[in-house]
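First the structure, in the form of structure tokens, and then the observations on it.
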Amino acid sequence: DFKWSSELEGTILAAYNFGFIASPILGGYIAGHFGGKRVIALSLLIGSLTTILTPVAARANDALLIFMRALAGLVMVSNQ
């Protein structure tokens with residue numbers, strides 16, 4: 001359905017991993033202030049929403065899709 005270049009496909013696939021860079025540091029800092037249960041619950045909620053909305057973002061805008069995948073990577077790393 002989508003006519004993406006190989007560079008754009010690579011960026012979309014790598015966007016999830018971009019979120020990994022700051023996730024442990026940011027997640028630990030936030031968990032220190034708000035508690036681990038809240039951080040895990042919020043990250044599951046955000047990760048679920050970004051995953052559910054990925055097809056909508058793919059049809060709307062390439063940059064939005066990349067942002068959604070990076071956000072999913074950022075929040076889902078703390079759940080592993």
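Applying the set (1) in contact with a helix residue (DSSP H, G or I) (Cβ under 7 Å, 6 or more places away or on another chain); (2) hydroxyl-bearing (Ser, Thr, Tyr); (3) surrounded by fewer than 18 Cβ atoms within 10 Å (Cβ to Cβ) to Thr50 leaves exactly one unmet item: (3). Yes or no: the range 23-36 includes at least one residue that is assigned to a loop (DSSP other than H, G, I, E, B) and open to solvent by 50 Å² or more (accessible area, probe 1.4 Å). Among the residues of the range 23-36, not one is assigned to a loop (DSSP other than H, G, I, E, B) and open to solvent by 50 Å² or more (accessible area, probe 1.4 Å), which makes the answer no. For the range 62-76, the tally of residues that are more than 12 Å from Ile12 (Cβ to Cβ) and open to solvent by 30 Å² or more (accessible area, probe 1.4 Å) stands at 3.
Taking the criterion of being free of Cβ contacts under 8 Å to residues at least 12 places away in the same chain and more than 12 Å from the chain's Cα centre (by Cα), the residues of the range 1-30 that qualify are Asp1, Lys3, Ser5, Ser6, Glu7, Glu9, Gly10, Ile25, Gly28, Tyr29, Ile30. A search for C-beta distances below 9 Å between a residue of the range 39-53 that is closer than 12 Å to Leu74 by Cα and any residue that is among the basic types (Lys, Arg), counting only pairs 6+ apart in sequence or on different chains, returns Thr50/Arg69.
The values are calculated or read from the model by the stated rules, or taken from the named source; none is laboratory data. Keep in mind the model is a prediction, meaning the values are calculated, not measured. Using ideal geometry, Cβ is built from the backbone for each residue, glycine included, and neighbour counts are taken over all protein chains shown. Ligands, DNA and RNA are excluded from the accessible area calculation, which covers all protein heavy atoms including side chains. Shrake-Rupley method; radii C 1.70, N 1.55, O 1.52, S 1.80 Å.
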